[in-house]
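The values are calculated or read from the model by the stated rules, or taken from the named source; none is laboratory data. Just so we're clear, the structure is a prediction, and the values are computed from it rather than from any experiment. Cβ coordinates were reconstructed from backbone atoms using ideal geometry, including for glycine residues, and neighbour counts include every protein chain displayed.
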Amino acid sequence: MDENAVLEGLGLSPGESKVYLALLSLETAGVGPIAHRSGVSRSKIYEIIEKLAAKGLVNQIITTKQRMFRASGPNALLELVDKRKEKIMHEEEEVKRLIPELLALHAPKEKIVEFFEGFFALKAIREELLGSMKKGEDMLVLGAPRAANEKWEQWFLQFHETRQKMGVGARILYNADTREYGQIRTGFKYTQVKYMPQNFITPTWFDVFGENVLIVILPKGEKPYALLVRDRSVAESVRAYFEMLWTISLD
């Protein structure tokens with residue numbers, strides 16, 4: 001294991017990491033031995049030690065001859081981890097509070113069609129649309145193709161876990177050849193699954209999120225792409241087609 005990489009991952013600079021590891025091996029030392037063991041310039045040692053002390057990783061020992069320093073035990077690193085966790089949790093709560101305002105700013109002010117190409121663009125817009133849904137609402141999936149599940153099942157499962165935590169429902173009409181994936185979906189809360197008749201096999205599917213319709217196309221051997229239509233009348237039309245097919249589809 002690369003100790004320096006782990007320490008830098010906790011927020012220490014490369015110099016701080018080297019000095020801390022040097023002090024651990026020296027137990028108690030002055031500036032000279034620390035600089036020699038760490039390979040850090042002697043002129044920078046005091047500045048780095050002050051930063052490590054502020055993180056609770058170094059203690060100073062005053063003697064009659066010189067200033068000596070001792071590294072705190074490795075368990076002190078766990079306190080750094082806890083502080084980082086607290087900071088991340090705080091940032092997460094702040095972002096959650098900010099999201100409604102950002103969504104209001106981002107929401108289109110008129111009917112619009114947008115184009116997305118590639119998996120990461122598709123992933124981003126689909127997760128954004130899910131984020132616009134409210135607890136108790138349902139998203140609709142019409143014509144979920146097998147090829148999409150074979151490519152992206154891990155992401156789909158993460159997507160449904162998020163949806164379940166949000167309390168957003170899903171009604172999914174799978175292609176007939178995708179039953180094993182549909183059965184997995186029935187393990188999620190707020191989820192209903194049916195299957196299209198055998199002759200309804202298509203590489204395209206429709207997602208309905210509120211007043212938004214996402215049309216996803218999976219060309220064979222090429223990048224996926226999607227069209228997003230932000231229009232209530234289009235969403236109502238696709239929802240009507242969905243309801244008609246839902247009544248004749250198989251459980």
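The listed residues are I125, I112, I88, and the only one of them that is at pLDDT below 90, aliphatic (A, V, I, L, M) and within 16 Å of the chain's Cα centre (by Cα) turns out to be I88. Is it the case that some residue within the stretch 67-78 is more than 41 Å from the chain's Cα centre (by Cα), surrounded by 10 or more Cβ atoms within 10 Å (Cβ to Cβ), among the basic types (K, R) and farther than 20 Å from L7 by Cα? Scanning the stretch 67-78 turns up at least one residue that is more than 41 Å from the chain's Cα centre (by Cα), surrounded by 10 or more Cβ atoms within 10 Å (Cβ to Cβ), among the basic types (K, R) and farther than 20 Å from L7 by Cα. Taken over the stretch 157-190, the residue count meeting the criterion of being within 21 Å of the chain's Cα centre (by Cα), crowded, with 18+ Cβ neighbours inside 10 Å and either in contact (Cβ under 8 Å) with a residue 60 or more places away in the chain or part of a helix (DSSP H, G or I) (or both) is 3. Restricting attention to the stretch 142-156, the residues that are under 25 Å from A240 (Cα atoms) and touching a residue at least 60 places away in the same chain (Cβ under 8 Å) add up to 5.
Being touching a residue at least 60 places away in the same chain (Cβ under 8 Å) and of a type in the set (F, W, Y): is that true of Y225 here? Here the answer is yes, as Y225 does meet what is asked.
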